[in-house]
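Inspection log for the structure reproduced underneath, given as structure tokens.
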Amino acid sequence: MNDLIKNGARLLLSAVLVLALCVSAFAVPPAVQPFTPIELVAGSTVIDAVLYNSATSRAFAAMLPLQVELWTPADFARAFDLPRRIADEPRTRDFEEGGLAYWYEGPSVAIFHTHEREETVVPVVTLGKILAGAGFFKNYEGHVLIRLKEK
């Protein structure tokens with residue numbers, strides 16, 4: 001009887017561990033959970049975005065509000081300069097349409113308005129993402145106000 005109980009307990013423990021591994025495999029990693037909502041105001045257009053939970057994103061959020069002028073670093077992005085460098089973290093060349101990414105050497109932030117390439121030109125730190133309407137920035141020229149979104 002004791003062996004039956006021990007085997008049952010082991011089987012139950014194994015099942016719990018497998019279930020925990022499965023759940024963690026589908027969980028959103030902390031680095032991509034939204035940290036804070038922001039808005040990009042371009043003329044009369046307001047575009048919602050989020051900053052992810054990272055040291056670089058928090059340092060960027062602490063600079064807001066920012067009034068910036070856009071420039072074109074590549075055919076798939078618009079960018080703006082920051083007044084100073086902020087925290088640097090591991091970088092990537094991966095990006096997605098609507099992505100917001102920090103380039104330490106600028107110091108600049110890119111807005112990826114289209115996904116026409118496999119990777120970015122330079123390694124960047126992903127800050128967050130525009131929730132909808134990133135294509136608006138493809139032809140927009142002018143200033144953008146970036147601010148924390150009021151709740």
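The values are calculated or read from the model by the stated rules, or taken from the named source; none is laboratory data. For clarity, every value in this text was computed on a predicted model and none was experimentally measured. Because the Cβ atoms are built from the backbone with ideal geometry, glycine has one as well, and the counts that use them run over all protein chains shown.
When you look at residue 78, is it more than 11 Å from residue 125 (Cβ to Cβ), out of contact with any Cys (no Cβ under 9 Å at 6 or more places or on another chain) and either without any contact (Cβ under 8 Å) to a residue 24 or more places away in the chain or buried (at least 17 other Cβ atoms within 10 Å of the Cβ) (or both), yes or no? Let's see the steps before the verdict.
Working: more than 11 Å from residue 125 (Cβ to Cβ): yes; out of contact with any Cys (no Cβ under 9 Å at 6 or more places or on another chain): yes; either without any contact (Cβ under 8 Å) to a residue 24 or more places away in the chain or buried (at least 17 other Cβ atoms within 10 Å of the Cβ) (or both): yes.
When the stated conditions are applied, residue 78 passes them.
Tell me, which residue of the range 59-86 that is in a strand (DSSP E or B) and charged (D, E, K, R) is nearest to the chain's Cα centre (by Cα)? Before the answer, list the steps.
Residues of the range 59-86 in a strand (DSSP E or B): 66-69, 71-74, 77-81.
Subsequent filtering for residues that are charged (D, E, K, R) retains 69, 78, 81.
Numbers: 69: 21, 78: 16, 81: 18 Å.
Among those that are in a strand (DSSP E or B) and charged (D, E, K, R), it is 78.
Which one of 89, 96 is assigned to a loop (DSSP other than H, G, I, E, B), surrounded by 13 or more Cβ atoms within 10 Å (Cβ to Cβ), acidic (Asp, Glu) and within 14 Å of the chain's Cα centre (by Cα)? Give the steps one after another, and end with the answer.
Values: 96 fails: surrounded by 13 or more Cβ atoms within 10 Å (Cβ to Cβ).
Of the residues listed, the single one that is assigned to a loop (DSSP other than H, G, I, E, B), surrounded by 13 or more Cβ atoms within 10 Å (Cβ to Cβ), acidic (Asp, Glu) and within 14 Å of the chain's Cα centre (by Cα) is 89.
With respect to residue 83, is the statement that it is exposed (fewer than 13 other Cβ atoms within 10 Å of the Cβ) and closer than 20 Å to residue 35 by Cβ true?
Numbers: exposed (fewer than 13 other Cβ atoms within 10 Å of the Cβ): yes; closer than 20 Å to residue 35 by Cβ: no.
No, not satisfied.
Give just the number: which of (1) at pLDDT below 90; (2) part of a helix (DSSP H, G or I); (3) closer than 15 Å to residue 101 by Cα; (4) of a type outside the set (A, V, I, L, M) does residue 14 not satisfy?
Of the numbered conditions (1) at pLDDT below 90; (2) part of a helix (DSSP H, G or I); (3) closer than 15 Å to residue 101 by Cα; (4) of a type outside the set (A, V, I, L, M), the odd one out for residue 14 is (3).
Show the residue pairs that are 6+ apart or on different chains and have beta-carbon atoms under 8 Å apart, the first residue being within the range 81-104 and free of Cβ contacts under 8 Å to residues at least 24 places away in the same chain, the second being acidic (Asp, Glu) and surrounded by fewer than 17 Cβ atoms within 10 Å (Cβ to Cβ).
Taking only residues 6 or more apart or on different chains, the pairs are 104/88.
Count, please, the residues in the range 87-120 that happen to be farther than 23 Å from residue 136 by Cβ and modelled with pLDDT of 95 or more.
1
Taking into account only those residues within the range 114-135 that are crowded, with 16+ Cβ neighbours inside 10 Å and not in a loop (DSSP other than H, G, I, E, B), which is nearest to the chain's Cα centre (by Cα)?
128
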